[in-house]
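Working notes, structure below.
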Amino acid sequence: MFRGIKRAEGHKMAVSGSANPQEHWSGRAAFILAAVGSAVGLGNLVRFPYVAGETGGGAFVLFYLVCILFIGLPVLCAELMIGRRGGGSAVAAIARLSKSEGKSGIWTIVGWLGMISTFLILTFYSVLAGWVLHFVLLSIGDLAGAIGENGLGAISSPAFEAMSKDDISSQLGELLTQPVRMIIMHGIFIIVTIAIVMRGIKGGIEVAAKVLMPIFFILLLALTVSSLINGDAGAGFAFLFQPDFEKFGAALSDGSILLDAIGQAFFSLSLGSAMMITYGLYLSREDQIPGAARAVAFADTSVALIAGLAIFPIVFAAGLNEAAGFSLLFNSLPLAFHQLPFGGIFAIAFFIMTLFAALTSSIALLEVTVAIADGDVDVDPAKRDRRRVQGAIVIGLIAFGIGVANALSQVSGVETFFNTWHPLDFIPLFEGLVLLDLIDQLTANILLPLGGFLTAIFAGWVVSGSAAREELNFNSERTFKIWRFLCRWVCPLFVGLVLVYAAIIAPMLG
Ligand code: TRP
């Protein structure tokens with residue numbers, strides 16, 4: 001009875017800024033939608049190709065899939081379990097669960113750590129999303145220009161018809177020489193994120209997500225087909241799916257490829273940051289956590305792999321640098337649209353959808369931070385709403401401020417202080433990284449794995465077996481045992497060892 005009331009409270013609380021599962025859909029559909037919305041984003045479309053490109057492809061991808069299966073999936077189940085069992089914000093959920101198990105409140109540190117991670121991710125995520133917004137405007141401008149010149153018939157023309165290939169693949173480079181424009185785009189994106197989180201996003205965004213996400217998938221597939229036909233499909237496939245074991249061995253020696261794969265798995269699934277603990281509330285009693293977790297992991301991984309297949313054939317055919325970092329998507333896909341009938345329309349649609357995918361993630365990022373910063377459930381509703389508005393604005397604006405520094409760190413052509421500043425140069429792991437890349441590495445490769453490590457220990461050792469068994473309700477006792485074994489031993493040991501080795505020992509050995 002008591003738990004029932006708490007749960008209902010918690011529902012309203014954690015969810016008031018996001019989808020309300022009981023409004024339109026069954027709990028399961030709403031949960032999957034919300035969780036996939038948070039998971040699928042720039043991590044899949046921009047970061048996955050970037051990390052795969054820098055680490056040499058196949059071997060990384062192989063490890064990435066192993067990480068998703070043996071680390072991501074069990075930790076995802078663990079986070080959802082903690083969230084549904086505990087209720088409230090992530091910190092509150094962990095506090096309650098620790099208490100009911102008679103354990104110390106120190107574990108709430110997982111929630112606080114998550115708050116720091118999600119906040120830091122937001123500061124650079126919104127800058128990258130600003131780049132996407134720039135490309136939305138660019139492709140709209142391009143098509144409008146073509147129509148203005150050649151009449152409505154131009155609608156069937158490929159994107160950027162009037163430009164040379166070199167020009168097309170250097171559009172992001174152009175943007176990076178315009179700090180003011182970059183900051184404006186970043187600002188617009190943050191303001192929209194704040195406005196949505198502030199008001200709660202019942203209605204609009206879920207409906208939009210429900211309609212847009214499937215269209216996004218179809219567009220991505222169409223683009224992939226076009227890229228496979230027009231690009232170098234063989235090279236793309238080989239790069240992504242053929243592990244080069246020589247390179248692999250070399251990369252293994254400093255553990256960096258393992259850490260990159262773990263970090264990307266956590267980043268892409270929004271794990272290790274208390275996010276899925278918060279979203280555990282979307283799940284109703286009847287829903288099966290393992291099935292939901294599998295669906296989310298599957299959708300997220302497919303989008304990443306398909307994005308890779310859309311991007312790399314073009315990269316190789318056009319002779320672009322596959323290790324070009326975050327710019328990969330922006331430099332290659334416009335070329336794919338350039339070779340596609342109706343490419344102008346497709347380009348607009350694709351970048352709008354990407355923007356949308358980024359928005360559903362950034363909302364979640366801000367939401368987690370605001371929910372934890374707001375404290376626990378037991379305040380009166382009017383006050384709570386006011387605090388949410390204040391929280392969203394204040395935290396959003398601080399993120400904007402740090403984001404400006406992040407944006408300036410990417411500028412090329414003019415000196416901005418931030419583009420030559422390497423804040424943690426004295427730490428071997430972070431040597432030579434400008435602010436945005438530093439925060440990216442710090443969150444994905446350190447803070448999220450650390451959060452995941454602690455979450456696995458909490459779920460495996462602190463939460464009792466009987467509570468976990470009841471909450472997870474696996475089909476068979478055997479699957480439960482496997483999950484528990486992964487949480488107790490495999491995740492902590494593997495993530496912990498890789499973290500210590502790749503982040504501390506190997507860089508020191510140089
Ligand atoms: N998973 C998101 C993406 O792939 C980014 C992300 C990482 C995230 N951690 C998060 C989103 C926590 C929300 C909450 O783009």
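Here, each number is a calculation from the coordinates, and none is a lab measurement. What you are looking at is a predicted structure, and each value in this text was computed from that prediction instead of being measured. FYI the Cβ positions are ideal-geometry reconstructions off the backbone, even for glycines, and counts take in every protein chain you see.
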remark   = The number of Lys pairs in segment 2-509 whose alpha carbons lie under 24 Å apart, excluding pairs fewer than 8 residues apart on one chain, is 11
request  = Scan the chain and note any complete DSSP helix (H) whose C-alpha atoms cover at least 20 Å along its axis and whose Kyte-Doolittle average is 1.0 or more.
outcome  = 109-150, 179-199, 204-230, 289-317, 343-373
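Output the peptides 97-109, 260-272, 293-305, 443-455 sorted from most to least packed, where packing is the average of other Cβ atoms within 10 Å over each peptide's residues.
Details: 97-109: 14.9, 260-272: 29.0, 293-305: 20.3, 443-455: 25.3.
My ranking of the peptides, most packed first, is 260-272, 443-455, 293-305, 97-109.
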message = Suppose each label sits 7 Å from its Cα in the direction of the beta carbon; what would the Ile482-Glu101 distance come out to in nanometres?
response = 2.3
remark   = Whole-percent tail of the Cα-Cα distance distribution for the chain, cut at 43 Å, equals 13
query = Gap in Å between the Cα centre of segment 484-501 and the Cα centre of segment 208-226?
reply = 36
inquiry  = As I understand it, the dipole of segment 2-509 uses +1 on the Cβ of Lys and Arg and -1 on the Cβ of Asp and Glu, about the Cα centre. Which of Gly451, Gly37, Val463 lies farthest toward its positive end?
reply    = Val463
Cα→Cβ-extended label distance, 7 Å offset, between Ser253 and Trp489, nm = 3.1
request  = With r as the distance between the Cβ atoms of Asn473 and Thr177 and R0 = 51 Å, compute the FRET efficiency 1/(1 + (r/R0)^6) and round to 0.05.
outcome  = 0.40
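Rounded to the nearest 0.05, what FRET efficiency do Val394 and Glu54 give with R0 = 41 Å and r taken as the Cβ-Cβ distance? Could you check? Numbers along the way, then the final one.
Numbers: r = 35 Å, r/R0 = 0.86.
Calculated value: 0.70.
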query = So what's the back-of-envelope 222 nm ellipticity for the chain, counting only DSSP H runs of four-plus at -39500 (n - 2.57) apiece and dividing by all residues, rounded to 500?
reply = -22500 deg cm²/dmol
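Magnitude of the Cβ-charge dipole of segment 377-476, K/R +1 and D/E -1, about the Cα centre, nearest 20 debye?
Details: 6 positive and 10 negative charges, 95 e Å.
So the dipole magnitude of segment 377-476 works out to roughly 460 debye.
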task = Take the alpha carbon atoms of segment 376-452, find their center, do the same for segment 160-199, and report the distance between the two centers in whole angstrom.
result = 19
remark   = Along segment 155-167, Karplus-curve 3J(HN,Hα) (6.51, -1.76, 1.60; θ = phi - 60°) to the nearest Hz, with x for Gly and Pro, reads 4, 8, 7, x, 6, 6, 4, 7, 9, 7, 4, 4, 4
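Could you grab the relative contact order for the chain? Cα pairs under 8 Å, six or more apart, rounded to a whole percent. Could the numbers behind the result be given before it?
On the way: 840 pairs, mean separation 163.8, N = 510.
Reported relative contact order: 32 percent.
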request  = Quick one: give the max-minus-min coordinate of the C-alpha atoms of segment 419-482 along each principal axis, largest first, in Å.
outcome  = 55, 20, 15
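Estimate the FRET efficiency between Ile427 and Asn321 by the formula 1/(1 + (r/R0)^6), using the beta-carbon distance for r and 25 Å for R0, to the nearest 0.05. Walk me through the numbers on the way to the answer.
Numbers: r = 27 Å, r/R0 = 1.07.
Efficiency, from the Cβ-Cβ distance: 0.40.
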inquiry  = Under a crude label model (7 Å from the Cα following the beta-carbon direction), how far is Phe298 from Leu497 in nanometres?
reply    = 3.2
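Provide the gained length on full extension for the span Val211 to Asp167, in nm with one decimal, where the gain is 0.36 nm per separating residue minus the Cα-Cα distance.
On the way: separation 44, 0.36 × 44 = 15.84 nm, distance 3.38 nm.
Length gained, Val211 through Asp167: 12.5 nm.
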